[in-house]
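Peer 1: Submitted below is the structure of interest, expressed as structure tokens.
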Amino acid sequence: MIIDLHIHSKTCSDGKLTVQEIINEAKTRNIGLMSISDHDSIGCQQQAMDLAKKCGINYVSGVELNITFSHPDFRDGKPVSLDLLGYNFDLNNKALVSKLKQLSNYREERAIKILEKLNAEFEKEGVPKFTENDLVQIQNSADGALGRPHIADYLIKKGIVNDRKEAFLKYLVKCNVPKFPLYAEDASELLRNAGGIAVLAHPNDPYGTSMVKLSNSLDEQTTIIKNSLLPHLDGIECWHSRSSPETTKHYVKFSKQNGLKMTGGSDCHQTPIIMGTVKVPDFVAKQFI
């Protein structure tokens, strides 16, 4: 069975495909088990479930929550961002819906603050400043959870940068504003109380939000997880499009030793489409079906 439990949509997050397009593509690629896990948003889950059912695809409700984490022995205790994937939760859980609404509102506030910082940079460079109309256009481009990728795409559209990489390196890293401080214990409790599970996403992703921000050592990463995160986790994303064979082997072993579920997915946002290209073992499906 082809499995992909980590996909992002344009409809509710920062992907390139709508929910309808994702389901159509999943059917074409013979994906048998899937989840759209948008950032801080579950607004597309019912639509995805309904469409997947019509196509005969097994579907698991999903979301990706950004959490704030710190450890006294690393980075002088300074916080870093990690991602928790939530699966199999009740879409109508009031506490979950309420918290995601709060996160969505904060994303809007954060975008305004980032644009203020961008304008300060533009003034130094003689670039025309963004106006209220620019903010509205950025907001309108994000059907779901508004984030820095949407601002990056607008910078490209305006001809200020050539691609997302340049947007982040030249502006968006420097002009960043901290995300909403959601902690592992709170995010985990939120998901579990909604009947779901909490899974640490892409733990050793060299280019993303991961344990790499604390340590490049796989042994140190899992020591940190065991000492500080384990009570709040039900699983680990062991297979990922940017996971090396060494990373996968290490985290599979750690998961087995600690009785954790194992998940996997492409983390597909982009074109060319990489949905369904990560080889996730069949036994992963048995944890959900």
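Peer 1: Can you order the peptides 19-27, 276-284, 236-244 by their average number of other Cβ atoms within 10 Å per residue, highest first? Kindly include the intermediate steps, with their values, before the conclusion.
Peer 2: Numbers: 19-27: 20.1, 276-284: 16.4, 236-244: 22.1.
Highest to lowest by the protection proxy: 236-244, 19-27, 276-284.
Peer 1: Moving to a separate point now. Quote the relative contact order of region 97-166 in percent (integer), defining contacts as alpha-carbon pairs under 8 Å separated by 6+ residues.
Peer 2: Across region 97-166, relative contact order equals 27 percent.
Peer 1: Exactly which chymotrypsin sites (Phe, Trp or Tyr not before Pro) in region 130-214 are in a DSSP loop and have at most 12 other Cβ atoms within 10 Å? Kindly include the intermediate steps, with their values, before the conclusion.
Peer 2: Details: sites: PHE130, TYR154, PHE168, TYR171, TYR183, TYR207; in loops: PHE130, TYR207.
Answer by residue number: TYR207.
Peer 1: What value, in deg cm²/dmol to 500, does the helix sum -39500 (n - 2.57) over DSSP H runs of n ≥ 4 give at 222 nm once divided by the residues of the chain? Could you put the intermediate results ahead of the total?
Peer 2: Working: 9 runs with 106 residues, N = 289.
Rounded to the nearest 500, the figure is -11500 deg cm²/dmol.
Peer 1: Right, next: Which of TYR59, TYR106 comes first, and how do the rest follow, when ranked by fewest Cβ neighbours within 10 Å? Numbers along the way, then the final one.
Peer 2: Details: TYR59 20, TYR106 17.
Lowest count first: TYR106, TYR59.
Peer 1: Once you keep just the Cα pairs under 8 angstrom separated by 6 or more residues, what percentage relative contact order results for region 1-101? All intermediate terms of the calculation are to be shown ahead of the outcome.
Peer 2: Working: 178 pairs, mean separation 23.2, N = 101.
Reported relative contact order: 23 percent.
Peer 1: Need one number: convex hull volume per residue for region 64-119, Cα atoms only, in Å³.
Peer 2: Numbers: hull volume 6.2 nm³, N = 56.
In region 64-119, the Cα convex hull volume per residue is 111 Å³.
Peer 1: Hey, could you grab the Kirkwood Rh for region 107-172? Inverse mean 1/r over distinct alpha carbon pairs, Å, one decimal.
Peer 2: Working: mean 1/r = 0.0847 Å⁻¹.
Result for region 107-172, one decimal place: 11.8 Å.
Peer 1: Separate question: Just report the Cα centroid separation between region 1-55 and region 119-148, whole Å.
Peer 2: 28
Peer 1: Within region 201-232, list the residues whose amide N lies under 18 Å from a label point set 7 Å along Cα→Cβ of SER81.
Peer 2: Label zone hits: 201-215.
Peer 1: Restricting attention to the chain, give the cysteines that have no other cysteine Cβ less than 4.7 angstrom from their Cβ.
Peer 2: Cysteines of the chain left without a disulfide-compatible partner: CYS55, CYS175, CYS238, CYS268.
Peer 1: Once the Cα atoms of region 132-238 are picked out, what are the Rg and Dmax in Å?
Peer 2: 17.4, 49
Peer 1: Moving on to the next point. Pop a pseudo-label 7 angstrom from the Cα along the beta-carbon direction at both THR28 and LEU169 and give the gap in nm to one decimal.
Peer 2: Going from the THR28 label point to the LEU169 one covers 3.2 nm.
Peer 1: Counting pairs of alpha carbon atoms under 8 Å apart in space and at least six apart in sequence, what relative contact order in percent does the chain give?
Peer 2: This gives 24 percent for the chain.
Peer 1: Can you pull a Stokes-Einstein diffusion coefficient for the chain at 20 °C (1.002 mPa s), Rh from Kirkwood over Cα pairs, as a whole number of µm²/s? Numbers along the way, then the final one.
Peer 2: Numbers: Rh = 19.5 Å.
The estimated diffusion coefficient comes to 110 µm²/s.
Peer 1: Describe numerically, in nm with one decimal, the distance between label points set 7 Å from Cα along Cα→Cβ at ALA95 and at THR277.
Peer 2: Computed distance between label sites ALA95 and THR277 equals 3.9 nm.
Where a number appears in this text, it was derived from the coordinates with a stated rule and is not lab data. Nothing here was measured: the structure is a model prediction, and the numbers come from that model. Glycine also receives a Cβ, built like all others from the backbone with ideal geometry; neighbour counts cover every protein chain displayed.
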